[in-house]
Amino acid sequence: MEFLSALFTAAFDSNIVFAQLVGMVAVLLAAYRPQDAVRFGALLWAAVSVAGLIGWPVYAGFFAPWGVGYLAPVAYAAVSSIAIFVAGAVACSGKDASERERILVLCTLLAVNAAVLGVPLGNAAAAETATLASAVGTSVGAGLGAFIAVVLFATVRQRIDERLVPPALRGLPISLVTASLMCMAFTCVAGIAGGLFA
């Protein structure tokens, strides 16, 4: 029950993109077509989940007992970047040059995403009260929330008819207005999903 509560709370109530506004840049940059958004969102989900799963035991087992919690952001950035680029290198094997370049650009976008660093830092902040089940639920749920945000934003962005948008609001301004409306929608339902399993 603790796992499910943490999963749904992280995915919907405190969505890392729309409620906490962490990783919003990746949503604005990567969510153009729903097909690409599903692929990028799935990779972001995996990267956020792995970063969170690595971060909690590292903090609880090493940084907290030794009293060097201030080193956590540097360690999380290094570990998550290494994991992302190793996975990218494995995915690049046997591909042609243009496909390898596209995969490595995607790996770079994932490695510098604020959500990949935000989830392990959030788990570290709650390390004293969190259990393994809640840390795993929070990590996987935050990744699920990022996936939902990327796919929803790409779907809504594709449905916006640019001809009906005033010229001054076309492009980035209408994307920001759309993102703010989606943030308000996620904030309005806060507390519902996590309360299902309390």
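The values are calculated or read from the model by the stated rules, or taken from the named source; none is laboratory data. Source: prediction; values computed, not measured. Cβ: placed from backbone, ideal geometry, glycine included. Neighbour counts: every protein chain shown. Heads up: the accessible areas ignore ligands, DNA and RNA and are worked out on the full protein's heavy atoms, side chains in. Shrake-Rupley method; radii C 1.70, N 1.55, O 1.52, S 1.80 Å.
Sort 142-150, 65-73, 177-185 by packing, meaning the average of other beta carbons within 10 Å per residue, with the highest value first.
Ranked from most to least packed, the peptides come out as 142-150, 177-185, 65-73.
With a 1.4 Å probe and all protein chains left in place, how much accessible area per residue does segment 28-115 have, in Å²?
So segment 28-115 comes to 55 Å² accessible per residue, rounded to a whole number.
I need the per residue convex hull volume for segment 72-152, using only the alpha carbons, in cubic angstrom as a whole number.
104 Å³
So, how do all the Cα-to-Cα distances of segment 1-88 break down into 5 Å bins, in percent, from 0 on up?
3, 12, 16, 21, 22, 17, 7, 2, 1, 0
With unit charges on the beta carbon (Lys/Arg positive, Asp/Glu negative), name the residue among 58, 154, 92 whose Cα is farthest towards the positive pole of the charge dipole of segment 36-166.
Projecting each Cα onto the dipole axis, the largest value belongs to 154.
Stick to the Cα atoms of the chain, pair each with every other, and give me the Kirkwood hydrodynamic radius in Å at one decimal.
Hydrodynamic radius (Kirkwood, Cα pairs) of the chain is 17.5 Å.
I'd like to know how segment 98-141 sits against the 2.2 N^0.38 Å rule of thumb: what's its Cα Rg over that expected value?
1.56
Output the direction-averaged projected area (hull surface divided by four) of the convex hull of the alpha-carbon atoms of segment 56-118, in nm².
With every direction weighted equally, the projected area is 4.5 nm².
Distance in nm between label sites at residue 189 and residue 93, each 7 Å beyond Cα in the beta-carbon direction?
Placing both labels 7 Å beyond Cα along the Cβ direction yields 4.1 nm.
Using every alpha carbon pair in segment 108-198, what percent of pairs falls into each 5 Å bin from 0 up to the bin containing the largest distance?
3, 11, 15, 19, 18, 14, 9, 6, 3, 2, 0
What is the list of residues in segment 147-163 whose amide nitrogen lies under 11 Å from a point 7 angstrom out from the Cα of residue 25, following Cα to Cβ?
Output list for this probe position: empty.
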